[in-house]
Every structure is written in C-alpha cells, then in structure tokens.
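Written below as structure tokens is the structure these notes are about.
Derivation of every value follows stated rules applied to the coordinates shown; laboratory data play no part. Just so it is clear, the model here is predicted, and its values are computed rather than measured. We place every Cβ from the backbone using ideal geometry, glycine too, and count neighbours over all the protein chains shown.
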Protein chains: 2
Amino acid sequence: MKRLTDAERDAALSTVPQWEYGALRGGVIRRVFVFADFTQAFAFMTQVAFHAEKADHHPEWANVYNRVDITLTTHDADGLSQRDVALAQVIDRIAEGMQRP
Amino acid sequence: MKRLTDAERDAALSTVPQWEYGALRGGVIRRVFVFADFTQAFAFMTQVAFHAEKADHHPEWANVYNRVDITLTTHDADGLSQRDVALAQVIDRIAEGMQRP
C-alpha cells in the first residue's frame, strides 16, 4: 500500500471534506463524531469495527460517552493511503444512519 | 455519587491492583489491555459497553488494533468514586475471558 502523493491526497480528501488532514506521522486524517448517546456511539463503532476487520484496515479511535474521535493513517505507507480514504468514506456513510444529539 | 476519601481510595484500589491511579482531574484510574487481535479487543469492548450502559457509568477509552486503553473517573464526583472501582472490577473479569497475545 503506497502513500498518496500530494496531488492524489488533495483529490482524495475532496471526497471526505469533513475529515481534517494533519501532517503528523507522515499524514493522518481525523474526524470527531457526536451522537445522541452512548448507545448510538457504540452502535456506530460496532458497524465500523466489522467493516474495518473485513478490510483489514483499522482505525485509531477514542470514545467518551456520545463522542467518537477517529484518526486514520496507514502505518505501512508511513502516511495516508487510499485505504484511509476508502475507510473514511464508509465511516461517513455509517454515521449518516445514526442518531445525532 | 461521592468522591472517595484517601483512605477509601487506598482500600478500593487494592481490589483492582492492575489499575494505575493518577491524581489528574481529581483522581482517575487507568489500565491498558492487550489482546490477541482486533476482534478480541473489540469483543472485549462490546462486553464492557453493555455493562457500562446498564450501570450508567461509561469509560473513557481508546483502541488501536489489539490495544485498549481505559481511563475511569466520575465527573459528578470530581474524582474517583465507588462506581469507578466497581466498573474496573467488572472490566478485569471480562478481560480474563479474552484471548491475549
């Protein structure tokens, strides 16, 4: 899995505009989701977990009650790869189905 | 829910010796668990999540692949309460049933 070039990255990130790009660790993207309550937040995480396991690409994430803070990067690529962008797209779709505050 | 006194805290923490006490935010306890893989880690989190929701006392936690980093504190008590110790005990029991590396 190859790290995206700057041009590839810009094009890819335009498909997930709610994710924030950070230059740390060669490149990461991050998004914070807030749901109606803990049950909704964990149901979201569970759906993401199944997808991540199937794709063999896992998020770095933290949860406090109704808040889920997700960072994506590709360790093997020393930065951002197409797998991060693909996972971010799936995560966005899953979040759309959950209850917000 | 009342914050534990120093004496109560020492007695309570002796029941969960693998949790590390920290003075920040009025008092927290933290333990890092490492499992065989992501599936085991998330299965552990799912069991903890159901218990936490039932007890209406939720962890602050982060997961990266097979690693789960948990911090417990009681916001309403401005520190550590009996609910944190009770949840830590349950978490320890759940972890015992999971596959380690």
Discussion item. I need the calculated FRET efficiency for the pair A:VAL64 and B:ARG100, taking r as the beta carbon distance and R₀ as 35 Å, to the nearest 0.05.
Written reply: 0.85
Discussion item. Compute the helix-to-body angle for B:38-55: its Cα long axis versus the longest principal axis of chain B, expressed 0 to 90° and rounded to tens.
Written reply: 40
Worksheet entry | chain A - percent relative contact order, Cα under 8 Å, separation 6 or more | 38
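What value, in deg cm²/dmol to 500, does the helix sum -39500 (n - 2.57) over DSSP H runs of n ≥ 4 give at 222 nm once divided by the residues of chain B?
Rounded to the nearest 500, the figure is -13000 deg cm²/dmol.
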Worksheet, complete the sentence: Once the in-chain neighbours fewer than 8 apart are removed, the aspartates and glutamates whose Cα is under 14 Å from B:LYS2 read B:ASP76, B:ASP78, B:ASP84
Item to complete: Note the full-extension length gain between B:SER14 and B:ASP92 as 0.36 nm times their separation in residues minus their Cα-Cα distance, in nm to one decimal.
Response: 26.8 nm
Worksheet item: Hey, if you drop one equal point scatterer on each alpha-carbon of the stretch A:6-78 and run the Debye formula without solvent, what base-10 log of I(q)/I(0) do you get at q = 0.13, 0.24 Å⁻¹?
Response: -0.43, -1.19
Worksheet entry | Under the Karplus curve 6.51 cos²θ - 1.76 cosθ + 1.60, θ = phi - 60°, whole-Hz ³J(HN,Hα) for the stretch B:84-101, x wherever Gly or Pro sits | 5, 5, 4, 5, 4, 4, 5, 4, 4, 5, 4, 4, 4, x, 9, 7, 8, x
Worksheet item: How high is the FRET efficiency from B:HIS75 to A:ALA7, r the C-beta distance, R0 41 Å, rounded to 0.05?
Response: 0.35
Discussion item. Treating the point 7 Å from Cα along Cα-beta-carbon as the label, what are the nm separations from B:SER14 to the other copies, to one decimal?
Written reply: 6.6
Item to complete: Would you kindly work out, in nm and rounded to one decimal, the distances from the label point of A:GLY26 to those of the same position in each other copy, ordered shortest first, with label points 7 Å along Cα-to-Cβ?
Response: 4.3
Worksheet item: If we count every other residue with Cβ under 10 angstrom of A:LEU72's Cβ, Lys/Arg +1 and Asp/Glu -1, where does the sum land?
Response: +1
